[in-house]
Amino acid sequence: YANLEKPLSTDSDAYDAIEAYVKQVDDEYGLVTSYTVYPGVVRGDFTNTLILTSITIGIGLVYFIIRYRYTFALSTIISSIVGTTTAFGLISLTRLEVSSSVGIGVLAGLIMTLLLFIPFGNRLRQLKNESKVKVTTFEQREEITMASFKSTINEYCISAIMFTVLLLAFIPLNSLQMAPIFIATIISLLVNAIFGILIVVPLHLWFEKTIKFNKFKSKRAELRKAKREKTIKANRNKGAEPEEIIIPGIND
């Protein structure tokens, strides 16, 4: 053990100092047979991982908003945030050191999961475009969402399983140092995929029912209608004779 005179700081230099102290005691007295330093979540590489993960989630949000409906984008991104956070928690339970390699694995699993959402989004857009009537009510959107989910859930699960099997096959083919990357990728992929099944559809339907821009659209439509009626009325009266102007006292 190390008898510290003051609390250990949480910066990188403090961990390096305690590691050097343990090495020195081990060399001088032979009292320490093994040591392990877990820097936890205070290392700079973990901060970089969080930044890269946030950037990836942001890019995914923009992409899904542009390509699909905003409710679908919000539901998939929230699911990814919850899944990625849970994946980091599970990785900490496995005693894997939170390093840049582990962060890359979590990021890779997140990207794979975002790819799994694309067939669902494509099916949503396809059914909406093929609808014989204009989709305006929540009941119509709910029906389209459930139909899309049922038609793509098998593809979603099969793709997730194939990704996992492929990653497991790569572990024996690489060095032991590369194993944490593949383990982190598998954990991130599976956790995000499970949360995707449980969260995306309910969240999507909740957003469809709660977040509405219909009031803004209806107000804008009313203004346009009033402007058109005003223009039509002005054009109708353009060739008519001017009405008599009644001025009290003069006309009499």
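The values are calculated or read from the model by the stated rules, or taken from the named source; none is laboratory data. Since we're looking at a predicted model, the values are computed, not measured. Cβ atoms come from the backbone with ideal geometry, glycine included; neighbour counts cover every protein chain shown. Heads up: the accessible areas ignore ligands, DNA and RNA and are worked out on the full protein's heavy atoms, side chains in. Shrake-Rupley method; radii C 1.70, N 1.55, O 1.52, S 1.80 Å.
A residue that is crowded, with 19+ Cβ neighbours inside 10 Å and of a type outside the set (A, V, I, L, M, F, W, C) can be found somewhere in the stretch 83-96. The sole residue among LYS209, LYS238, LYS227 that is in a loop (DSSP other than H, G, I, E, B) and either open to solvent by 80 Å² or more (accessible area, probe 1.4 Å) or modelled with pLDDT of 75 or more (or both) is LYS238. Residues considered: THR86, THR47. Of these, the only one that is hydroxyl-bearing (Ser, Thr, Tyr), modelled with pLDDT of 85 or more, part of a helix (DSSP H, G or I) and over 12 Å from the mean Cα position of the chain (by Cα) is THR86. Listed by first and then second residue, the pairs linking a residue in the stretch 140-157 that is farther than 17 Å from SER75 by Cβ to a residue that is outside any helix (DSSP H, G or I) and open to solvent by 30 Å² or more (accessible area, probe 1.4 Å), with Cβ atoms under 8 Å apart and 6 or more places separating them unless they lie on different chains, are GLN140/SER131; GLN140/VAL133. Residue count for the stretch 104-127 satisfying the condition of being farther than 25 Å from HIS204 by Cβ and without any contact (Cβ under 8 Å) to a residue 60 or more places away in the chain: 0.
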